[in-house]
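Q: There's a structure below that I have some questions on.
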Amino acid sequence: MRAERTTLIAWAFLAPALLYVLAIVAWPLVQTVILSFTDASLRKTTNWVGSANYEKIFNATFATVIVRTFIWTFFSVALKMIIGTCGAVLLNAAVPGRHLFRILIMPPWIVPMAIGIFMWGWMYNGQFGMISGLLQRFGIVDGPVAWLAYGNTAFWATIVTDVWIGVPLVTIYFLAAIQAIPKDLYEAAWTDGAGRWYRFRRITLPMMVPAIITMSMLSLIATFNSFDIIWILTQGGPNGATTTMIIDTYHTAIGSRKYGEGAARAVVICIFLSLFSLAYFRVTRRLQPEAAK
């Protein structure tokens, strides 16, 4: 009797969260999947077309968009992890003013994203942008450089902006992971004559692995699904050079009013993100027994 009562109380506490998930996540997801099998558009009539939308999107153009999305995500996440790790190690070092440096690193994350992106858009401008102006002043380039007007430069410009926005959070997260490492390990290594590089390679980095995996997966999901940065800077241009899966989905569903095809693209994105999440859970499960040892 007591066990049943405990179970009912537990479900009562879980009910609001379950209702929230069903209403905000599950129901819209089911509706999107259903919509992806129709030819829904601005027309009044909607017909069931089966897998036609999925067959239509899996072509050479969409394959290019998928590859571009993975490349964009890979470099953005990799740079965030590398810079964040270096920043965390430097902020943890016993140097004067490190508390001030910890505060100064936060503005890119604190500033509203749209404002930060517009600021980068201004700096990338070829006529009055700061980056082009500095390069001309130091004689590196002969004339204005419109970074967002060319495919290659626009692609890397969006990556730089995404890294600038994401690095502060990664750095602070890694800093917390480093400070959680027992000091005894460093003292023992220092007593044995181990240098800084050896202590970092043998103590700091291995102990940071769980934090690195967790932050990498969270950053991967957020970056893969990022819309604001690319849309504000280039809207997927020039000539589709910065069009990722989420931008392509928006162009199809909202720009072209092809809601069925847009829903199919959204489902494909959801599948990729689900696979990323499953991979993350499998990796963390393997790490738990090792950590317990």
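The values are calculated or read from the model by the stated rules, or taken from the named source; none is laboratory data. The shown structure was predicted, so the numbers you read here are calculated from the model rather than taken from an experiment. Please note: Cβ atoms are built from the backbone with ideal geometry, for glycine as well, and neighbour counts cover all protein chains shown. Surface accessibility is based on the protein's heavy atoms, side chains included, excluding ligands, DNA and RNA. Shrake-Rupley method; radii C 1.70, N 1.55, O 1.52, S 1.80 Å.
Q: Of Ile159, Ile203, Ile117, which is the most mobile in a GNM of the chain whose springs link Cα atoms less than 10 angstrom apart?
A: Looking only at Ile159, Ile203, Ile117, the largest GNM fluctuation is found for Ile203.
Q: What list of ³J(HN,Hα) couplings, whole Hz, do you get for region 67-73 from phi and the Karplus terms 6.51, -1.76, 1.60, once you set θ to phi - 60° and write x for glycine and proline?
A: 4, 4, 5, 5, 5, 4, 5
Q: Can you figure out the FRET efficiency of Thr32 with Ile103, using R₀ = 30 Å and their beta-carbon distance, to the nearest 0.05? Kindly include the intermediate steps, with their values, before the conclusion.
A: Numbers: r = 42 Å, r/R0 = 1.40.
The computed FRET efficiency comes out at 0.10.
Q: What FRET efficiency, computed as 1/(1 + (r/R0)^6) with R0 = 25 Å and r the Cβ-Cβ distance, is obtained for Cys86 and Met119, rounded to the nearest 0.05?
A: Once rounded, the FRET efficiency stands at 0.60.
Q: Please identify every one of the trypsin sites (Lys or Arg not before Pro) in region 1-48 that sits in a loop by DSSP and has no more than 15 other beta carbons within 10 Å of its own beta carbon.
A: On the way: sites: Arg2, Arg5, Arg43, Lys44; in loops: Arg43, Lys44.
Answer in residue order: Arg43, Lys44.
Q: Can you bin every Cα-Cα distance in region 178-293 into 10 Å intervals starting at zero and give me the percent of pairs per bin, rounded to whole numbers?
A: 12, 27, 22, 17, 14, 6, 1
Q: Further question: Around Thr38, which amide H atoms from residues at least 5 apart in sequence, or from another chain, sit under 5 Å from its own amide H, with H modelled in the peptide plane?
A: The answer is Val49.
Q: Could you give the length gained on full extension between Leu185 and Thr153, defined as 0.36 nm per residue of separation minus the Cα-Cα distance, in nm?
A: Full extension from Leu185 to Thr153 adds 7.0 nm.
Q: Output the Cα-based Rg and Dmax of region 178-236 in Å, rounding Rg to one decimal and Dmax to a whole number.
A: Expressed in Å, the Cα Rg and Dmax of region 178-236 come to 18.4, 56.
Q: Working out 0.36 nm times the residue gap between Thr6 and Met207, then minus their Cα-Cα distance, what length gain in nm do you get to one decimal?
A: Stretched fully, the Thr6-Met207 segment lengthens by 68.5 nm.
Q: Moving on. Excluding ligands, DNA and RNA, what is the solvent-accessible area per residue of region 1-88 at a probe of 1.4 Å, expressed in Å²?
A: On a per-residue basis, region 1-88 sits at 70 Å².
Q: If you don't mind, another one. For Met130, what accessible area in Å² do you get when you roll a 1.4 Å probe over the heavy atoms of the protein chains, rounding to the nearest 10?
A: Roughly 90 Å² of Met130 is accessible to a 1.4 Å probe.
Q: Whose amide H sits under 5 Å from the amide H of Thr242, counting only residues 5 or more places off or on another chain, with H placed in the peptide plane?
A: Amide H to amide H, under 5 Å and 5 or more residues apart or across chains, Thr242 pairs with Gly237.
Q: Between Val67 and Ala194, with labels modelled 7 Å along Cα→Cβ, what's the label distance in nm to one decimal, could you check?
A: 4.4 nm
Q: Could I ask something else about it? Find me the longest stretch of the chain that has none of the exposed chymotrypsin sites (Phe, Trp or Tyr not before Pro), where exposed means in a DSSP loop (not H, G, I, E or B) with at most 10 other Cβ atoms within 10 Å. Each step should come with its number before you reach the end.
A: Details: sites that count: Phe128, Phe138.
After excluding every exposed loop site, the longest remaining stretch is 139-293.
Q: Oh, and also: Can you compute the helix-only [θ] at 222 nm over the chain? Use -39500 (n - 2.57) per DSSP H run of at least 4 residues, normalise by all residues, nearest 500 deg cm²/dmol.
A: It comes out at -22500 deg cm²/dmol, rounded to the nearest 500.
Q: Output the Kirkwood hydrodynamic radius of the chain, Cα pairs only, in Å rounded to one decimal.
A: On the way: mean 1/r = 0.0441 Å⁻¹.
Computed over Cα pairs of the chain, the Kirkwood hydrodynamic radius comes out at 22.7 Å.
Q: If I model region 114-161 as equal point scatterers sitting on the Cα atoms and use the Debye formula, what is log10 I(q)/I(0) at q = 0.30 Å⁻¹?
A: -1.12
Q: Moving on to the next point. So what are the radius of gyration and Dmax for the Cα set of region 108-211, in Å?
A: When restricted to the Cα atoms of region 108-211, Rg and Dmax are 20.6, 58 Å.
Q: A follow-up question, please. List, in order, the whole-Hz ³J(HN,Hα) value for each residue of region 46-57 obtained from phi through the Karplus relation with A = 6.51, B = -1.76, C = 1.60 and θ = phi - 60°; use x for Gly and Pro.
A: 10, 10, 7, 10, x, 8, 4, 5, 6, 5, 6, 7
Q: Enumerate the calculated ³J(HN,Hα) couplings along region 131-147 in order (Karplus 6.51 cos²θ - 1.76 cosθ + 1.60, θ = phi - 60°), each rounded to whole Hz, writing x wherever the residue is Gly or Pro.
A: Karplus-based 3J(HN,Hα) across region 131-147 equals 5, 5, x, 5, 4, 5, 5, 8, x, 6, 10, 7, x, x, 10, 8, 4 Hz.
Q: At q = 0.12 Å⁻¹, what log₁₀ I(q)/I(0) does a Debye calculation on the Cα points of region 1-159 give, no solvent, two decimals?
A: Log-scaled intensity ratios, in q order: -1.00.
Q: Over the chain, with a Gaussian network built from C-alpha contacts below 10 Å, which listed residue (Ala40, Ala88, Ala194) shows the highest mean-square fluctuation?
A: Top of the fluctuation ranking is Ala194.
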